[in-house]
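Each remark here refers to the structure printed beneath this line.
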Amino acid sequence: MRGLEGRRAVLTGATGGLGSAIARRLLDEGASVALTDVDEGALHALAGSLGGDTSVAVLDVADPDDWARTVEAVRDRWGAAHVLVNNAGIGSLGTVETETRERWDQVVAVDQLGTWLGMQHVGPLIEESGGGAVVNVASILGATGGLANSFSYAAAKGAVRAMTLNAALHWAQRGVRVNAVVPAFIGTGALLDRYGGSERHRAMLANTPMGRLGRPEEVAAAVAFLASEDSAYSTGSEIYVDGGWAAR
Ligand SMILES: NC(=O)c1ccc[n+]([C@@H]2O[C@H](COP(=O)([O-])OP(=O)(O)OC[C@H]3O[C@@H](n4cnc5c(N)ncnc54)[C@H](O)[C@@H]3O)[C@@H](O)[C@H]2O)c1
């Protein structure tokens with residue numbers, strides 16, 4: 001892929017199933033990656049297993065002070081950032097009737113507010129660095145009715161898509177592209193541990209036109225494309241990595 005060699009990327013939720021695949025792919029493409037997550041032990045383990053030019057920062061995406069510290073650390077180490085991948089996210093299972101206010105607040109804080117704060121803090125550094133790309137990780141549950149549950153998650157991921165469009169227009173002539181990937185169900189270790197063999201797992205498969213879960217590497221490939229110069233004329237766009245979900 002063109003234009004990732006030597007670029008500096010900030011990745012949230014780096015130690016999760018998708019985050020670690022995205023980190024690996026960006027490093028394979030020659031980028032440097034600031035690995036961030038709330039789980040410090042997992043961050044150091046991941047950095048040790050990856051090799052390449054990485055840094056590690058504990059970052060709660062819902063905390064503006066953490067973002068300010070992370071941006072300063074990236075500026076000190078590399079003097080620049082060209083890519084932000086807003087990947088950190090948490091889920092919910094409640095329906096429109098059963099969701100709790102407590103879970104709603106948690107999910108919106110991480111998935112929605114966290115994505116905004118990431119763009120607000122790192123976007124200016126990308127512009128200052130000569131331009132680059134933001135990639136927001138949305139979800140098919142924010143683009144369709146999904147499985148008629150995960151209500152607060154669907155609301156927050158729908159907002160991620162709306163924020164992607166709005167921010168894309170804001171920065172359109174200032175060198176900061178903003179796009180989203182929209183995955184359906186991806187067979188990460190955590191997802192399979194949680195749901196493998198369950199009714200929900202069967203529903204995921206039954207509702208996926210391709211009849212299989214996605215692979216983390218398939219999401220990472222779309223993220224790398226949107227982060228690279230190969231997508232130089234795309235902003236405010238979405239890549240569905242969904243086994244045909246959106247076509248149903
Ligand atoms: N796996 C899927 O099927 C799927 C489908 C669509 C979208 N997504 C989205 O992809 C992203 C990654 O999901 P995943 O499957 O790798 O999940 P995961 O649970 O494996 O990873 C999520 C990561 O986010 C981190 N995290 C949680 N709260 C945080 C916070 N407040 N600040 C910073 N980091 C925090 C966790 O520590 C974890 O490392 C999420 O945004 C998720 O909603 C996943």
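The values are calculated or read from the model by the stated rules, or taken from the named source; none is laboratory data. Given the structure is predicted, the values throughout are model-derived calculations rather than measurements. Please note: Cβ atoms are built from the backbone with ideal geometry, for glycine as well, and neighbour counts cover all protein chains shown. Areas reflect the complete protein model, heavy atoms only, side chains present, ligands, DNA and RNA absent. Shrake-Rupley method; radii C 1.70, N 1.55, O 1.52, S 1.80 Å.
Annotations for the structure displayed:
- Accessible area, probe 1.4 Å, largest first, for residues GLU217, GLU229: GLU217, GLU229
- Where Rh is the Kirkwood radius over Cα pairs, Rg/Rh for segment 101-198: 1.04
- Histogrammed with a bin width of 5 Å, the alpha carbon distances of the chain distribute as 1, 7, 15, 19, 21, 17, 11, 6, 2, 0 percent, first bin at zero.
- Summarising the label geometry, the points placed 7 Å from Cα in the beta-carbon direction at ARG75 and ALA203 lie 4.6 nm from one another.
- Close amide H partners of VAL85, meaning residues 5 or more places away or on another chain with modelled amide H under 5 Å apart, are VAL10, LEU11, THR12, VAL135.
- GNM top mover of GLY130, GLY214, GLY91 - the chain, alpha-carbon springs below 10 Å: GLY130
- Per residue, the chain exposes 43 Å² of accessible surface when a 1.4 Å probe is rolled over the protein heavy atoms with every protein chain present.
- With θ taken as phi - 60° and the Karplus curve 6.51 cos²θ - 1.76 cosθ + 1.60 applied, the whole-hertz 3J(HN,Hα) list for segment 18-33 is 7, x, 5, 5, 5, 4, 4, 5, 5, 5, 4, 7, x, 7, 9, 10 Hz, x standing for glycine and proline.
- Counting protein heavy atoms only, the chain has 52 percent of its accessible area on carbon and sulfur, 1.4 angstrom probe.
- The trypsin sites (Lys or Arg not before Pro) of segment 150-202 meeting both criteria, a DSSP state outside H, G, I, E and B (loop) and at most 13 other C-beta atoms within 10 angstrom of the site's C-beta, are ARG174.
- Adding -39500 (n - 2.57) for every DSSP H run of four residues or longer, then dividing by how many residues the chain holds, sets the calculated 222 nm ellipticity at -13500 deg cm²/dmol.
- Between ARG174 and THR98, the contour length at 0.36 nm per residue exceeds the alpha carbon distance by 23.0 nm.
- Under 5 Å, built H, 5+ apart or other chain: amide partners of PHE185: GLY214
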